[in-house]
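Down below is the structure, laid out as structure tokens.
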Amino acid sequence: MDLVFHAARAVTPDGERSCSVGVSDGRVAAVDDYGALSGDRVVELREDEVLLPGLVDTHVHVNDPGRSDWEGFDTATRAAAAGGVTTIVDMPLNCLPPTVDVASLDVKRRAAEGRIAVDVGFWGGAVPGNRGELRPLHDAGVFGFKCFLLHSGVDEFAPLDETGLEEAMRELAEFDGLLIVHAEDADTIEGAPAAHGRAYTDFLGSRPSAAENTAIARVLDLARRTGARVHILHLAAGDAVPLVAQARADGVRVTAETCPHYLSFVAEEIRDGATEFKCCPPIREAGNREELWRALGDGVIDCVVTDHSPCTPELKRFDTGDFGDAWGGIAGLQVGLPAVWTGARSRGFTLDDVVRWMAQRPAEQVGLASKGRIAVGCDADFAVFAPDEAFVVDRTRLRHRNPVSAYHERALAGVVRASWLRGREINLEHGAEPFGEFLSREESAAPVRSGQH
Ligand SMILES: [Zn+2]
């Protein structure tokens, strides 16, 4: 073995156990009893540390190229590594050009080249008029296609109407592509009072859960009729959970995610003018948050990914605190793991659960067979995690580009002490050469449902 970890606690697909993990050529070559393996280099985890698989975050907006003053590949991937995330999949919008054809995917890969500290894959976009680009993008290695059903927040990435949505699904069903949907209904939001002013309750009222329910019902209905695979992004409305559960029971091929901020914060505690908490769909009430946790426990929601969507402080309009004008997005890449772990353990969940939601299931959902697990043959991606160490988030010390964070001054449990990528420790010191690689959809790896290893 090139490298061996001795871990009194490690989270494997068979549950938490005491073991040694052997690494050869950047891959896990053996998992054996504690102390049973030896190698050229030995890493002995400390008593308070747990070896986790590197997390897989399939919902990250890097915004680069084009809006690299908001975020960039260098800063986003370092924030990821600092948070125990060793694989990200970048969203097709907020960057310029948006990733809606192969030429724009090439532009993005060139922008990222040599600057990524973790492994990076890409989503494509399904927008009006690009149906003919979907197959070429799929063949070029994107993991699937994102669409909106209402204004996306940026004019260059337009939403699909009902016909466009159905056409996209029929096209994707031809080659078993995956459609990932921002599911909020435009008409429902149009009919609600407009977002304006400093009161969080007014903002919440402008994006009711009915908008999510209506959009999700439409997506599920079309998936049922077309046979397309669909994924519900950032599910934030607890009352939409039964729709997803029923569709899945009926055989619709649907997965769903939620985000650390919906599991951490509640509307009742968001101060007026605190636009760092603005995101879409919005953070809802305390009872809703518990419904999301239950849906994770029941397995109806598959994954927790961050929807890391940073911007500059100016765009958050801290000068006026107006929720109507502020950019909607929360930067959570670096603190997602401790945020979810803090909430999970207080509700009786274990690290096994957190790893399933944040590593194994996201990897399965995009068909990355070699990520998200500590198992023989998988990439030697790890996070060394101290679950009982407490800390307070300081937005100025986070590694994403701008010091804006909804988690600022929040006390969390769980510190990431080190991250490893394909058998090498990620060095976050200034000037260290990053060695992340691009990932493409794996042709052979069919997506699998949870519980299968
Ligand atoms: Zn997003």
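Every residue, every condition in (1) of a type in the set (Val, Ile, Thr); (2) closer than 23 Å to Lys278 by Cα, yes or no:
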position: Asp57; (1), (2): no, yes
position: Thr75; (1), (2): yes, yes
position: Arg109; (1), (2): no, no
position: Gly114; (1), (2): no, no
position: Arg135; (1), (2): no, no
position: Asp139; (1), (2): no, no
position: Leu165; (1), (2): no, no
For this session: Go through the residues of the stretch 59-71 one by one and say whether even a single one is out of contact with any Gly (no Cβ under 9 Å at 6 or more places or on another chain), on the phi < 0 side of the Ramachandran plot, in a strand (DSSP E or B) and crowded, with 24+ Cβ neighbours inside 10 Å.
Result: yes
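From Gly336, Gly332, Gly414, grab the single residue that is under 26 Å from Ser18 (Cβ atoms), open to solvent by less than 10 Å² (accessible area, probe 1.4 Å) and in contact (Cβ under 8 Å) with a residue 24 or more places away in the chain.
On the way: Gly336 fails: under 26 Å from Ser18 (Cβ atoms); Gly332 fails: under 26 Å from Ser18 (Cβ atoms).
Unique residue meeting the criteria: Gly414.
Take the conditions at positive phi and of a type in the set (Gly, Ala, Ser) and apply them to Gly287. Does it pass? Quick ask: steps written out before the conclusion?
Details: at positive phi: no; of a type in the set (Gly, Ala, Ser): yes.
Considered against the rule, which asks whether it is at positive phi and of a type in the set (Gly, Ala, Ser), Gly287 comes out as no.
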For this session: Show the residue pairs that are 6+ apart or on different chains and have beta-carbon atoms under 7 Å apart, the first residue being within the stretch 393-407 and open to solvent by less than 50 Å² (accessible area, probe 1.4 Å), the second being in a loop (DSSP other than H, G, I, E, B) and of a type in the set (S, T, N, Q).
Result: Val393/Ser405; Leu398/Gln334; Leu398/Ser405; His400/Gln334; Asn402/Thr312
Exercise. Looking at the stretch 191-239, which of the residues that are outside any loop (DSSP other than H, G, I, E, B), out of contact with any Pro (no Cβ under 8 Å at 6 or more places or on another chain) and basic (Lys, Arg) is nearest to Val60 (Cα to Cα)?
Worked result: Arg218
Problem set entry | Residue check for Asp40: in contact with a Leu (Cβ under 9 Å, 6 or more places away or on another chain), within 16 Å of the ligand (Cβ to nearest atom) and not polar (S, T, N, Q) | no
Exercise. Any idea how many residues of the stretch 56-112 are closer than 17 Å to Phe157 by Cα, within 16 Å of the ligand (Cβ to nearest atom) and of a type in the set (Asp, Glu)?
Worked result: 2
For this session: Could you please give the count of residues in the stretch 137-169 that are assigned to a loop (DSSP other than H, G, I, E, B), within 20 Å of Arg229 (Cβ to Cβ) and open to solvent by less than 20 Å² (accessible area, probe 1.4 Å)?
Result: 6
Exercise. Hey, does the stretch 33-50 have a residue that's more than 14 Å from the chain's Cα centre (by Cα) and closer than 29 Å to Thr255 by Cβ?
Worked result: yes
Exercise. When the residues of the stretch 194-218 are filtered to those that are within 22 Å of the chain's Cα centre (by Cα) and without any contact (Cβ under 8 Å) to a residue 60 or more places away in the chain, which remaining residue is nearest to the ligand (Cβ to nearest atom)?
Worked result: Ile216
Exercise. Would you say Gly297 is assigned to a helix (DSSP H, G or I) and more than 28 Å from Leu421 (Cβ to Cβ)?
Worked result: yes
Exercise. Given Val376, Val355, which one is under 30 Å from Ala29 (Cβ atoms), assigned to a helix (DSSP H, G or I) and β-branched (Val, Ile, Thr)?
Worked result: Val355
For this session: Go through the stretch 301-339 residue by residue and tally those that are over 17 Å from the mean Cα position of the chain (by Cα), more than 13 Å from the ligand (Cβ to nearest atom) and on the phi < 0 side of the Ramachandran plot.
Result: 13
Problem set entry | Residues of the stretch 402-453 classified as of a type in the set (Val, Ile, Thr), assigned to a loop (DSSP other than H, G, I, E, B), at pLDDT 90 or above and within 29 Å of Thr350 (Cα to Cα), total | 1
Problem set entry | Subset of the stretch 417-434 [in contact (Cβ under 8 Å) with a residue 24 or more places away in the chain and of a type in the set (A, V, I, L, M, F, W, C)] | Ala418, Trp420, Leu421, Ile426, Leu428
For this session: Starting from the stretch 282-293, keep only residues that are at pLDDT 95 or above, then list their pairs with residues that are surrounded by fewer than 21 Cβ atoms within 10 Å (Cβ to Cβ) and basic (Lys, Arg) whose Cβ atoms are within a distance under 8 Å, requiring at least 6 positions of separation or different chains.
Result: Trp293/Arg347
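The values are calculated or read from the model by the stated rules, or taken from the named source; none is laboratory data. For clarity, every value in this text was computed on a predicted model and none was experimentally measured. In this analysis, Cβ positions are derived from the backbone assuming ideal geometry, glycine residues included, and neighbour counts consider all displayed protein chains. Just the protein is used for accessible areas: all its heavy atoms, side chains included, with ligands, DNA and RNA removed. Shrake-Rupley method; radii C 1.70, N 1.55, O 1.52, S 1.80 Å.
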